[in-house]
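See structure below.
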């Protein structure tokens, strides 16, 4: 039975070992190691003793890969393609958000300069 990240007793940790991640996600350690070789987005750092240290983001990615492969029945190639498309969509959305913020900032600066150029009424 897999535990979710929220239900894990030590969910406030910064890093998790492969055994902990296997228990949380219900994915065996050898499968996690295989996925690391297949999905370049999944690359946990290794500590000085060469043990993998997974972050919460890594675990979220593992859960997404698991969902794609086991629930949505994607192939490895299809899951890779889906993850790439999701990343491209997220990047495009972020670029649009940044451009909207820049446009808003330009409008605010224009309003401020307009207000600064207006003579103030003496009371």
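Looking at this structure, is residue 108 within 29 Å of residue 12 (Cα to Cα) and in a helix (DSSP H, G or I)?
Answer is no for this residue.
Considering only region 47-87, state which residues are surrounded by 17 or more Cβ atoms within 10 Å (Cβ to Cβ), under 19 Å from the mean Cα position of the chain (by Cα) and not in a helix (DSSP H, G or I). Lay out the reasoning, then the answer.
We begin by selecting, within region 47-87, every residue surrounded by 17 or more Cβ atoms within 10 Å (Cβ to Cβ); these are 52, 54, 58-59, 61-66, 68-69, 74, 79-80, 83.
From what's left, under 19 Å from the mean Cα position of the chain (by Cα): 52, 54, 58-59, 61-66, 68-69, 79-80, 83.
Within region 47-87, 52, 54 meet the criteria.
Can you find a residue that is closer than 19 Å to residue 26 by Cβ, in contact (Cβ under 8 Å) with a residue 12 or more places away in the chain and not assigned by TED's automatic domain parsing to the domain that holds residue 15 anywhere in region 79-99? Reasoning before the result, please.
Narrowing region 79-99 to residues closer than 19 Å to residue 26 by Cβ: 79.
Of the ones still in play, those that are also in contact (Cβ under 8 Å) with a residue 12 or more places away in the chain are 79.
With not assigned by TED's automatic domain parsing to the domain that holds residue 15 added as a condition, the list becomes 79.
Looking through region 79-99, at least one residue is closer than 19 Å to residue 26 by Cβ, in contact (Cβ under 8 Å) with a residue 12 or more places away in the chain and not assigned by TED's automatic domain parsing to the domain that holds residue 15.
The values are calculated or read from the model by the stated rules, or taken from the named source; none is laboratory data. Please read all numbers here as calculations on a predicted model, not as lab measurements. Every residue, glycine as well, gets a Cβ built from its backbone with ideal geometry; the counts of neighbours run over all protein chains shown.
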